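Undergrad: Below: one structure in structure tokens.
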Ligand code: AGP
């Protein structure tokens with residue numbers, strides 16, 4: 001939540017910051033601003049709204065210079081308006097600060113600073129940093145000393161970046177909790193919340209760790225210190241993200257591009273994990289954790305939102321294939337329920353961003369009970385990957401759309417393969433059966449492509465739901481989480497109220513909602529619950545409800561009963577949670593576009609939720 005970018009180098013800072021902020025807009029988009037240091041003077045430009053609004057302001061009131069910082073905000077303290085937009089400056093206009101995270105002791109600091117005569121101009125927690133730094137400079141005239149003293153005084157989760165006109169050849173930073181990376185190119189330095197912001201300008205990066213602070217210079221260097229104020233040497237890594245991964249490449253929205261990338265994501269995962277014909281599944285990145293797997297008899301999956309839905313499917317995969325008792329917890333609840341666990345237990349944390357504060361807190365909770373943690377993340381440099389004993393790389397590639405699509409199906413496939421991997425270790429499934437499942441999984445990319453070719457049908461349906469106020473999604477067994485996910489996707493990007501239910505539960509209350517104005521999406525593909533889903537469809541129909549159904553091609557019954565029906569290719573039931581997600585993602589996307597909503601940046605949301 002909130003995106004930070006900073007630049008020092010020969011290029012015009014305004015354009016570097018605008019590109020960087022646009023790439024970080026998925027982290028927050030209620031207001032944005034930049035500060036530029038030029039000829040000893042700090043100039044700021046801030047605007048409520050999106051980066052486009054800031055760009056318009058900069059066209060009318062440009063700034064010049066080669067050193068600057070920028071910020072795109074997701075409001076925590078204070079309304080999203082120009083006054084609360086970052087950067088925040090001290091009373092003498094010598095310091096400009098951007099910040100991501102929460103300063104937990106800001107009330108106390110604000111009170112102390114007001115007593116000292118500092119005047120606040122915003123309701124943010126960030127502004128205390130600017131005044132505190134100015135105050136520390138009174139006793140510690142070297143800015144690095146004043147900054148270190150400031151860091152010692154503030155509490156909470158943060159990444160902070162600031163300019164000081166008394167040090168015009170440096171941009172300062174500190175991290176404790178919220179992500180921050182340093183980017184390097186010859187004669188240029190960058191700081192950013194995430195790598196896409198500095199692609200393709202920077203060639204190398206370093207992930208700044210919690211407790212680290214320092215400064216960058218215009219000659220492309222970084223001076224780094226740890227929390228004990230000892231200088232450390234960073235080890236840079238090459239950036240291997242191509243610019244086409246962070247651009248729309250002709251698609252109207254990132255979400256649509258990412259929906260269409262799914263077959264290739266599946267191919268990549270399959271090539272890495274199923275590269276032989278012997279039914280062996282490979283998880284090389286977690287080899288360090290393999291020694292405990294033989295005695296593993298209980299798993300807790302913790303995650304949030306879409307990743308929680310992946311966890312619900314993961315439970316069924318783990319119980320069905322590996323015969324390991326699995327519980328799924330919302331990460332935000334796990335820490336409060338004091339779970340009972342022994343040495344035979346593992347926690348699996350699932351998170352696309354690897355930064356979700358709730359999921360991170362659940363990992364700390366697990367570790368306090370000495371439970372080993374394996375995370376499934378799409379960002380190997382993330383806090384969740386670092387805090388876990390081992391991690392599985394989701395391999396979905398950069399996901400920019402706030403509504404998770406390809407990362408979700410990557411979570412599902414990796415969980416399926418992990419269950420299969422454990423089934424081998426625990427001798428639950430024989431080699432022949434495992435090979436059969438692997439062969440079915442290898443068909444997944446082409447089955448997905450076949451499904452994606454039906455997008456136009458769903459786009460036409462969407463026109464009929466522009467004015468719809470409520471939707472219901474029904475699924476059973478493996479498709480129950482798919483129903484939950486379909487409802488979440490629709491509500492987060494189209495703002496239509498939608499609820500997902502297990503088909504069997506529907507008659508116990510929610511069926512009262514059925515009217516001809518409430519479409520009911522029924523996932524009724526061929527599986528052991530097919531007959532039961534037919535009963536659901538009949539019950540809705542009997543009450544005048546409108547049915548949108550997914551069914552298996554060749555089935556003659558469902559299309560006769562449904563008002564809208566989409567045939568899905570024949571596949572192993574294990575693959576349906578992955579395949580059925582695609583038409584539901586497309587439904588959400590096309591309905592959102594038909595309602596003139598912005599699918600990539602839904603209101604009130606941010607992609608990585610780094611506050612609890
Ligand atoms: C997905 O569409 C949502 N925006 C959201 O529910 C998300 O899945 C959740 O915040 C968890 O994020 P994570 O996977 O990065 O941990």
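Where a number appears in this text, it was derived from the coordinates with a stated rule and is not lab data. Remember, it's a predicted structure, so these values are computed and weren't measured experimentally. For neighbour counting, all protein chains shown are included, and Cβ atoms are generated from backbone atoms with ideal geometry for every residue, glycine included.
Undergrad: When N counts the residues of region 251-442, how does its alpha-carbon radius of gyration compare numerically with 2.2 N^0.38 Å, as a ratio?
TA: Working: Rg = 15.8 Å, N = 192, 2.2 N^0.38 = 16.2 Å.
Compactness ratio reported: 0.98.
Undergrad: Arrange 27, 268, 238 by Cβ neighbour counts within 10 Å, fewest through most, would you? Show your work: numbers first, answer last.
TA: Working: 27 29, 268 16, 238 7.
Exposure proxy ranking, most exposed first: 238, 268, 27.
Undergrad: In degrees from 0 to 90, rounded to the nearest 10, what is the angle of the helix 576-594 Cα long axis to the longest principal axis of the chain?
TA: 60
Undergrad: Between residue 245 and residue 604, what is the spin-label point distance in nm, taking each point 7 Å from the Cα along the Cα→C-beta axis?
TA: 3.3
Undergrad: Another question about this same structure. Helix 143-153 versus the longest principal axis of the chain: what angle, 0 to 90°, nearest 10, using Cα atoms?
TA: Once rounded, the angle reads 50 degrees.
Undergrad: Sticking with this one: Just to be sure I understand the model, the point goes 7 Å from the Cα along the line to the Cβ. What's the resulting residue 105 to residue 464 distance in nm?
TA: 6.1
Undergrad: Give me the extension gain from residue 369 to residue 341: residue separation times 0.36 nm, minus the current Cα-Cα distance, reported in nm with one decimal.
TA: Working: separation 28, 0.36 × 28 = 10.08 nm, distance 0.77 nm.
Between residue 369 and residue 341, full extension yields an extra 9.3 nm.
Undergrad: Quickly estimate the mean residue ellipticity at 222 nm for the chain, helices only: each DSSP H run with n ≥ 4 gives -39500 (n - 2.57), and the total goes over all residues, rounded to 500.
TA: Numbers: 19 runs with 214 residues, N = 612.
Here the helix-only value at 222 nm equals -10500 deg cm²/dmol.
Undergrad: Further, regarding this structure: At a 10 Å Cβ-Cβ cut-off, how would you order 450, 612, fewest neighbours first?
TA: Values: 450 18, 612 13.
Exposure proxy ranking, most exposed first: 612, 450.
Undergrad: Report the Cα centroid-to-centroid distance between region 208-232 and region 573-612 in angstrom, as an integer.
TA: Using only Cα atoms, the two centres lie 38 Å from each other.
Undergrad: At 7 Å along Cα-to-Cβ for each site, give me the label-to-label distance between residue 121 and residue 264 in nm.
TA: Once both label points are built, they end up 4.5 nm from each other.
Undergrad: Continuing with this model, one more query. If one computes the Cα centroid of region 64-78 and of region 430-444, what distance in Å separates the two points?
TA: Cα centroid to Cα centroid, the span is 50 Å.
Undergrad: Any chance you could tell me what percent of the C-alpha pair distances in the chain go past 47 Å?
TA: Values: 34226 of 186966 pairs.
Here the tail beyond 47 Å accounts for 18 percent of pairs.
Undergrad: For region 345-482, taking Cα atoms only, what is the radius of gyration to one decimal and the Dmax to the nearest whole Å?
TA: Every Cα atom of region 345-482 included, Rg and Dmax give 18.4, 53 Å.
Undergrad: So, one more: Please give the length that would be gained between residue 15 and residue 59 if that part of the chain were fully extended, namely 0.36 nm times their separation in residues minus their C-alpha to C-alpha distance (nm, one decimal).
TA: Working: separation 44, 0.36 × 44 = 15.84 nm, distance 1.10 nm.
Taking 0.36 nm per residue and subtracting the Cα distance, the gain is 14.7 nm.
Undergrad: Please work out the C-alpha center-to-center distance from region 475-503 to region 317-359 and express it in whole Å.
TA: Here the answer is 21 Å between Cα centres.
Undergrad: Roughly what % of DSSP beta bridges within the chain run antiparallel, to the nearest 5?
TA: Values: 61 of 104 bridges.
Within the chain, antiparallel bridges account for around 60 percent of the total.
Undergrad: Using a 10 Å cut-off around each Cβ, can you sort 88, 497 from fewest to most neighbouring Cβ atoms?
TA: Numbers: 88 29, 497 14.
Exposure proxy ranking, most exposed first: 497, 88.
Undergrad: Here's a follow-up. Within region 148-192, find all residues whose amide N lies under 15 Å from a label point positioned 7 Å from the Cα of residue 138 along Cα-to-beta-carbon.
TA: Taking a point 7 Å out along Cα→Cβ of residue 138, the residues of region 148-192 whose backbone N falls under 15 Å are 150.
Undergrad: Rounded to the nearest 0.05, what FRET efficiency is calculated for residue 612 and residue 219 with R0 set to 30 Å and r the Cβ-Cβ distance? Walk me through the intermediate numbers first.
TA: On the way: r = 40 Å, r/R0 = 1.32.
The pair residue 612/residue 219 has a calculated efficiency of 0.15.
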